[in-house]
Structure formats: C-alpha cells, structure tokens
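Worksheet for the structure shown next.
Just so it is clear, none of the values below were taken in a lab; they were calculated from the coordinates. Keep in mind it's a predicted model, so treat the numbers as computed, not measured. FYI the Cβ positions are ideal-geometry reconstructions off the backbone, even for glycines, and counts take in every protein chain you see.
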C-alpha cells in the first residue's frame, strides 16, 4: 500500500480533529461569557477544518501511493501492547473527512438560524463540535483502537445531542436507549480488537491487515462477525435498529448530521476499512449481506406507516444504510458503489432533514404530517430543495440516487447466482417501497388541503437556514453523476480497494435502470392512489390491517427488545437485590445475630447465686482431678 | 536526594498534623480546617517530589528507610515503594486535600466538633501511606489494622442515620479478615524461621523462600480472605454498600478510593510474589469470583434507589475488573489493573463527591427525590456526567485506558472470562445513565418541587409535554449550582480524568516495571501473548 | 512416719468445708467453711514439707495464712455491709452479680 510518513499539510492533519475539539472546549468551559459569539466560533472551527480537509486531500492526490501516516504520541504502551495515537490519511478517510466537515459546516450554518431562539444554543454548538471532532477521529485514526475511541466518542456526542432538550422525558429516554444499544455493538467491536491483539499482537490497520491472512478461517470469521455487530449498533442495522427512530427526539440539525449523514454511516466505514479481513471470510460477508437486505426491507416497510415526518426519514435512513451494507457485503464489486451511495445519501438525506426542520420551524415544531398539507405555496424554497432531495432519494433518473442505487443493484446481480437475483430483487423491491413512502410524505406535507392547527401562519425560514439547504440540494442532484461517471470514485479509492474489476454486466445496465425506474414509478403511483387521491384524515385511522399495524410498530422491534431483555433484566435485578439483602447480607447478619443470641443465652447461666458458682468450681476441679488420674493411671 | 526519608516524612507529617488539629482549642474550627488542608497539600507535594526522585528502571524498592523496630522478631520499621505503591501514594496525595475541601462545612453541624473530623482524616492519611509504603509484613499488618480505627470513627461519628450499624459492620468484617491474615503472617514467620534459621518479616527475604505448595495454599488463603474482604470481592462485599452509604462523603471517597485498594494492592504485593504456586492454583477460582462480581454488582447497582449505595455497588463491580487483571497474570492486564486502582480512585472519588454535593442540596439520598437538576445546576450536572462517563469507561476518560488494558491483556490468557466481563460494560452504561437520567434529566421532581405550592405538579405536567422552552423558574429552588469551593474540588479531578485519559503513559511507565517484576516472581508468562 | 493420717484428716476437713459452702445459706457459715478448706490445704502443705524435709511447703502455708487473714477482713466487711443494707446474711438473697 506504500504508506509514507506525512509531510507538509498532511502532517498537520491532526488539526482537523483539534480545531473542533478546541471549539467544544472553549464553549463548554467558557460558560455564559461565550453565549454571544459561541455559535460563530463553533461554525468557524468546522469550516476551517473543511478548508484544511480540502487542502490535505489535494495534497494527498499528488502523493505517491496516496496514503500518509501521521504519528502523534504513544497512547498506551504496556507489555506487548503498543498503541500509538496516529492518523492515517488515505483516499477512504479523505472522502469521509470531506463529507463530515463539508456537511458538518452546512449544518452548523443552518443551526445558527434553527437554534437562534434557544437559550442553550452555545451548548448545542459545543456538542456539535465535539461530535465533529470525534467523528473525524473515528475515520482518521490509524488503528482499531483509535477508531474505537472515536466510535464511543460519537456515541457520547449523539447521547448529549439527543438529550439536548433533556427536560422532555422522551428525549432523555431516547438518548439513553441510543447509548445502550450502541454499547451492545461496541462490545462486539471491543472483543474483535481483543482477538486481533491476542492473535496478531497489534491493533493498527497496517499491522492487522498485513498479517490477518495467517489466521485460521474460523478466527477471521469471528473477527468479521464481531466487527459487524459493532457496525450494526452504530448504523442502526437489524437487530439493533430500534434506537435510530427514537433518536429523532434530538434537534433536527442533529438528526441531519449525526443520524443521517455521518455517524450512522460509520458502520459502513468500518466494514469498508476492514475489507482485507472480509475478503478472507465469505461467511461473515454473507451475514453482512443478509443484515443489509433484511434491514433495507424492515426500514422501508416501517417508513410507510409513520405519520411523524422525522420518523419516516429516520426509517428511510435505516433502509438506505441497509443498501450500503448490502453493497459492501458484496465485496470488491460493491465497495465503491456502497461508498458512492453513502456520499450521495449524505447530501440528499441531510437536505431532507434540514427541509423537515424548516417545515417544523414553520409549523411550530409539529412533526405530525396529518396536520401539514399544502405547504408548497408557503415554503417555496423548502419545497424546491426538499423536492430535489426527494427525487434524488427515490432514484429519479439522472439524479444522484439513480446512479448510486443502480450501481448497487447491478453489483448484486453481477454475483450471477441465485442469491444475486434474490438480493437484486430485494433491492429493487426496496426502491419501490422507498418511492411509496417518500411520495406519501411529499403528498401529506406539501400538497393537498391545508390541515394546520388553528392560528398557525407558516413562513419561510431565514436565509441562514435556506442557503445550506440549497447547497445540499445541488449536491443531491449532481453528486451521483459526478461520483459514478465524471470523477469516478473507483479510481480515487483504488489505493484502498485495488484495481476496480471489469463489471460482468449479467444484466445490461440500461435494462436495470429501466426496471428500477418502472418499479419506482409504480411506487409513486401507489402512493398517489392511497394518499394523494383522498383527503388525509387528521387523526390516524384506528381500524387498519395487521400489516399496517405491524409497520406502525416498526415490526415490533421495541416489543421484542422489551420482552426479551428489558423485562427479564428488571426482574433479574429485583431478584438479585432481594437475594443480596436477604441471602448474602442476611447470612452475614444472621451469623452476627446467632453469635449475639448464643452469648446472651450463655449469659443466663450466670444466676447470681454464689453457691451455684461454687458447685461449678467443684465440678470443674473434680473433672480435672479425674482427668489427671485417668492419664496417670492409664 | 534518594537518602532523604520521603516516606517516613509522609507518614509523620499527617500524624503530627492530626495531633495538632486534635489539640486545638474548641472554638478554632477554621484554623483546624486550614491546618488540615495545609498538611494534606504538603503531603501531596512530598508525593510528587518522591515520584520525581523515583527511577522507574532502577531497583524494585526505592526511597527505602529502615529503622530497627522489634529485633527479637526480626521486624523492622522498613519503608520503601515500587511503582505500584508509588502511584497509590500519589492518589492519596491528590484525594486527601480534595476531601478536606469537600468536607469543609460537612462536619460543622454534627454532634462532634469539626476538628475531630479533620484530625481523624489526617490520621487516616498517615495510616494509608504507611500501609502502602511498608516493606515489612508485620509493619504492613499493623498499618492494615490501625487504618480501621480512624475510619471507624469517621463513619461512626459523622455518618448518616444508620452510622452505628455501618461502622460496627465495617469494623467487624475488616477485623475478621485481619485476624485470619495475622495467623497467616505468623505462619509465614514460622516458615521463615525453619528455612533461614532466623525468623524475619522483611518482604524481600520472604520473597526468596521456597514454601511447600500445600503450606502455600493455606497461607495464601489467609491473606486472600483478608484482601478479598477489603477489596471487596463478591461474596464478601455486603459491608461496603452500608459503609459507603452511611459514611460522610469525604470518608466514603477515601474508603472506596484508597482504603479498599489495599485489598487489590495486597493481592499484587503479597499473595502473588509470596505464594506463586498457590496463586496459580487458585487463579481460576478468583477469576470466577471476579467476573461474577462484575455482573452481579452491576445488576445490583441498577436495582438501588439510594445514590450512595448505587455508587458503592458500582465500585464492587469495578473491583471485579481489577481482580481479573491481577489474576490474569499478564503484564498488560496487571498494569491495567494497577492503573485501574488509581483511575477508579479518581473517577469514583469524583462521583461520590458530586453525589454528596447533590445530597447536601436536596437532603435526600433517594434517586426518586430528584429530577431535572441539570437545568438549575448545569455545572453540577456536568461534573456528574464526567464522573459517570469515567465510571462507565468511555474512551477519552482515564478509566477507559485501564479497563481496556485489563480486558485486552486478559483476553489472550482467559478469553471466556474476558468476554463475559466485557458484557459488564453494557451494564455499566445502564446503571450510570439510569441514575443520571433520573436525577438530572426530565422535568423537576422531588426536592425541586418541595418549596412550591400546590400548583407545582401541573407545571411538571406542562414540562412533560412537547414544548422545550426553557423558561426561567418562577420560584426559588433549593438546588443551586456549584460554589467556588466546590468547583475548586471538582475541577482537579475532572482535569485528571481527561488528562490521564488522553495521555496515561507517564503512569504506565511507573507501573509497568513493578508489575513485570511481580509477575516474574509468580513465574508466569509475562509476555502477554503466546506468540 | 506415715503421712496418710494427716492427709486423710486434711481431706475430711476439706470435704466438710466444701459441702458447707454448697449447702449452707448463712454467709458467715459459708465464710467459715471457706476458712476450713484453706486450713485443710495448709495442713497438707505442712505435711508434705515435713515429709520431704524442705521448707517450701511451710513458707507457702504462711502465705496462705496471711492471705486468709486479709480475706477475712475484706470478706467480713462485705458481709457486714450486705447485712446492713438487706437485713439478711443469706447468700441466696444477694444475687445481683449476674448478666
């Protein structure tokens, strides 16, 4: 791979992390003094990081082997374990760094407007900066340990931001749920790192990927599956998907940045980064495929039933990340397609969330689509940008989603076996469902009769909010074509994933495009038939089919978690508390009480009658004398 | 400089300070506090200077001082530290001044004058320094038992409502362990008499003994039970929640922060090097206790409604990690375990202090009496969160480094135990975040409504709804944010948590040689991995 | 010379004293019985001293007499004070010394 020590600007790439981190520190420690300019500082650090990331990437493009290593300091060194805090700036991390700082900058700008009336705006920007720093550490770190540090760091930032409005019990609970479910995944990641150290003696990417081939197949599969568990937790994939929709309790810019564009794609990054490991274990790769395909459908089905605009988008995110997992599970053929979809998704989903935030801003923070309707007239800019994001997401021809999603479906079909057809079919079906639920969302929000609460006067958001939306909409339109055709991502990522294979094209690309487009149009049509034609009731109908009811409950994921883990856990806790107080401590206290009781019982032998004592003495003396006689005689 | 009696001074200074504070006239409470603070800061300075005088790559025991004590028994007043003991002395040096600061007003209202509190505190510091610095087994035993006395009075005189019960329980538990250990100490002396011709208590001489394996097992158990009670390992743990809950907050910090570390320190210093065969024999049993304790105590912590009991149970869970690291017999895990001892003192110390500050405001230890505190006391909530995150070993905090080292170091030798222990980190997240959410998040509850009129529940209902407007409170609340004194107590610990989380290497450099030396005494593979 | 007669006499005296302590209630009588036992021991000590030709036993007997004299003073004082406060010299009435 030819990693070289970094020079020039690349040697300063640690500033990428340090800048937002410093911003967070100043805002958190500075207290109220920084209230007036805190948001500007927060935004400035991220914009500066973006500029630096662009400069670094430009320099990287001209470097031999396109991979630079930045050694910082010894983090942990004990025994054989030697973890260096260091960064790896290569095409893969560069792509992510650009996405994080780029979309991050836009969302920071947007938040200036969105949070303008919140008294705790400074704290919000501090947490956002903290998130950007942790996320950059996640993607730039040069070892699995550094990734783990960033991995839990973004978990913390996500926790803080979901619970930003912590006086709402729902927000506090959602934040805790997100953190705990992530931790379940983190345990998998941690154990994978333990295995790497135990078997290979190192945790750095270079070391692990260089020597992983010497391991037994079962061990590699175990590592692959454990990494996947971590990825599932962070990316909201089946079976750990339930936290992501709840995370929408956070402010909308958070949903856009963390729970759509960047953090939740960390799982995809992990699997792409660990490509040398997955290349050696078809079993783990097959599980990745299964998880991706299943989640894709689960997310899409649940997305069809919700009336909460942010929850629909959240399930859409779950589903789209399912696509990405599917892609990276396909192996070399799919890595680039998955990452291209990830980038395009970063644009249009962030744009959609910001649009949703703009709608909520206009509708007094309501998220109930049944109380929207007819908003296109009142919110023209939001409507236009949201509409472009919508078209990009459903894969309207020649917008970004069209290119990237087709690439994934083609890669699946190129497996040229039964499973290829199954996966391709699932992906196409998912495209239809996506078109359905997104069209439903569009129709309920922007079209039809206005069903607003009384006294609402929707108004367009200020420029500071609409400008980022416009930029993201432009990105949604062009990024797909740009990444697939104009500046191929496959070429840029070649140092990481190797020479792109010549696609087999089992099915002609044009035919795939046509089929997907037709299915997509069917989805749109279905949505119009179900939603657009009729008046939308203000309250959700109660008498619905079992399928709808299941979808409304997100296929009972929460119910399963509750009955399998939460209830038994609570029961076990109560039982153990009882056992500890009565059993263990009871035994100790019982012993103490027994000693005390027997001592007072023995004390009763002290009658106070002198003659009783004298008799005791006599008896004792006789016994001693008898014993002496017995010993001397016998 | 190395001949300077650092350690003797570190014991003598607080002991003399305690006498001075106790002898002050009744009305001079403020002077007593100032003297206590000054003495404890001086000990911190001594500890730092001693660390600078210490050479990590030099002899195993340094800064030694030896005075003939009871020549007939071959017992000397011998002091000396290796890297393990040194970092514990640093921890003591850091924690005691903060405890003095945190307890500034706590003893004012008690039945006994504050100077008594601070005198016991300083005496406790002297005893704690002695127990870590002793390199003579009899001297260690004397300090080990003497340590109980000041702590007994701290709990029994200045504690909560059930302080008598807790103090007696603490004392009896420790005494039982101590007496069993005394038998083992005497047994060790007898063995040394038969092997060396002349009995001795000197650690370095005892380490050279070649003890019969069966005798080793008995002596090991004698020491082990004492340390397992002190540490505490499940099932010898039930005294800690009572003591931790009833002790005054400063006492609780030193109890779980330092005093209990004597147990795990004893495993490393006495059980392993003196009885290597027995240690290897018993290791699987100890690991079962350790790992079971991690999960058991974590589940119990979740079921507690009393914050101080909850924190005590989290400590029991953490001690399981430390024991796992020690008995995994790898350099990485052992180093991690020692670092864990320091980090746990800092993290749980802060958690106890912050919980204590919250209790001082609300007057209740029940979680259910709090809610939505973060809105009124953001600094308090921030410190609480940092302490909690350190307790659940989030990367970036000090505890992560130690927990990671323990787990990654144990995995090559004991994969099954390690995997089960790793599940404990999920539970850690649960118990910390549950407590944080219930006390800090949500609408105001409990004591925050106590001053309000009958309309208070309605307001809580409104906050329950969707609007998130943070309107200014319309009534006076008892929960105020941290004062300057409290900030000065909290800030150094927060700085240490983050500083040691990012750059732990200086401490690791001190600890690692001592741990390798210990493990080479045990004769196990010190390489960690079996490549 | 045979010492058996002396020892048998001492044993009889001791037994009378012991039985007296156990069965009599009057504190004065109990006290006298204790004295009887002490003196039977003295007799034994002197007998053995004579038999072995050493003076150790005789010295010990003197010790016993001195202690007995002191004990008589203290013991009678206690009995007197008990009699004054409780109007009784029965040992069964003075059973305060218990748990």
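Computed from the alpha carbon atoms alone, the convex hull of region A:96-156 holds 61 Å³ per residue. Region A:518-574 and region B:329-360 have Cα centres lying 45 Å from one another. Computed with the Debye formula from one identical point scatterer per Cα of region A:553-603, without solvent, the log10 of I(q)/I(0) at q = 0.16, 0.29 Å⁻¹ comes to -0.62, -0.95. Averaging the Cα positions of each part gives two centres, and for region B:155-230 and region A:409-425 these lie 69 Å apart. Shielding of peptide A:164-175 by partners, expressed as the average count of other chain Cβ atoms within 10 Å per residue Cβ, is 6.
Hey, how many Å between the Cα centroid of region A:453-496 and the Cα centroid of region A:286-324? Each part's Cα centre sits 21 Å from the other's. The convex hull defined by the C-alpha atoms of region B:332-376 has an orientation-averaged projected area of 4.2 nm².
Altogether, the Stokes-Einstein calculation at 10 °C and 1.306 mPa s, with the Kirkwood radius of region C:44-99 over Cα pairs as Rh, returns a diffusion coefficient of 114 µm²/s.
To make sure I understand, if each residue's beta carbon is the centre and we count other beta carbons within 10 Å, what order do B:125, C:35, B:145, B:198 fall in, fewest to most? Please list the in-between numbers first.
Working: B:125 31, C:35 14, B:145 19, B:198 9.
Final ranking by Cβ density, sparse to dense: B:198, C:35, B:145, B:125.
What is the order of A:319, A:490, fewest Cβ neighbours within 10 Å to most?
Working: A:319 24, A:490 18.
Going from sparsest to densest Cβ surroundings: A:490, A:319.
Ranked by the mean number of other Cβ atoms within 10 Å of their residues, highest first, the peptides C:75-86, A:8-19, A:96-107 come out as A:96-107, A:8-19, C:75-86.
Annotation: the antiparallel percentage among DSSP beta bridges lying fully within the protein assembly as shown is about 90.
Scaling the Cα radius of gyration of the protein assembly as shown by the globular reference 2.2 N^0.38 Å produces a ratio of 1.15. Packing, taken as the mean count of other beta carbons within 10 Å per residue, orders the peptides B:161-171, B:432-442, B:227-237, A:552-562 from highest to lowest as B:227-237, B:432-442, B:161-171, A:552-562. The mean number of Cβ atoms from other chains found within 10 Å of a Cβ in peptide A:28-36 is 1, as a whole number.
Normalised by the number of residues in chain B, the mean separation of alpha-carbon contacts (under 8 Å, six or more apart) gives a relative contact order of 15 percent.
Taken residue by residue and averaged, Cβ atoms of other chains lying within 10 Å of the Cβ of B:401-414 number 5.
Report the relative contact order of chain A, percent, no decimals, based on alpha-carbon pairs under 8 angstrom and at least 6 residues apart. Computed over chain A, the figure is 12 percent.
Of the peptides B:296-305, B:320-329, A:574-583, B:12-21, the order by per-residue mean of other Cβ atoms within 10 Å, starting with the highest, comes out as B:320-329, B:296-305, B:12-21, A:574-583.
Would you order B:141, A:323, B:370 from fewest to most other beta-carbon atoms within 10 Å of each residue's own beta-carbon?
B:141, B:370, A:323
Given in Å, the Rg to one decimal and the Dmax to the nearest whole number for the Cα atoms of chain B are 23.1, 83. With the convex hull drawn over the C-alpha atoms of region A:478-634, the volume per residue is 525 Å³. Given R0 = 41 Å, the distance between the Cβ atoms of residue A:457 and residue A:422 translates into a calculated FRET efficiency of 0.20. The helix-only estimate of mean residue ellipticity at 222 nm for chain A, built from DSSP H runs of length n ≥ 4 each weighted as -39500 (n - 2.57), is -22500 deg cm²/dmol after division by the residue total. Normalised by residue number, the volume inside the convex hull of the Cα atoms of region A:401-507 is 157 Å³ per residue. Taking the Cα atoms of chain A, the ratio Rg/Rh between the radius of gyration and the Kirkwood radius comes to 1.16. Compactness ratio for region B:1-106: Cα radius of gyration over 2.2 N^0.38 Å (N = residue count) comes to 1.24. Its Cα gyration tensor gives region A:86-188 an equivalent ellipsoid. The semi-axes, each the square root of 5 times an eigenvalue, are 25, 20, 9 Å from largest down.
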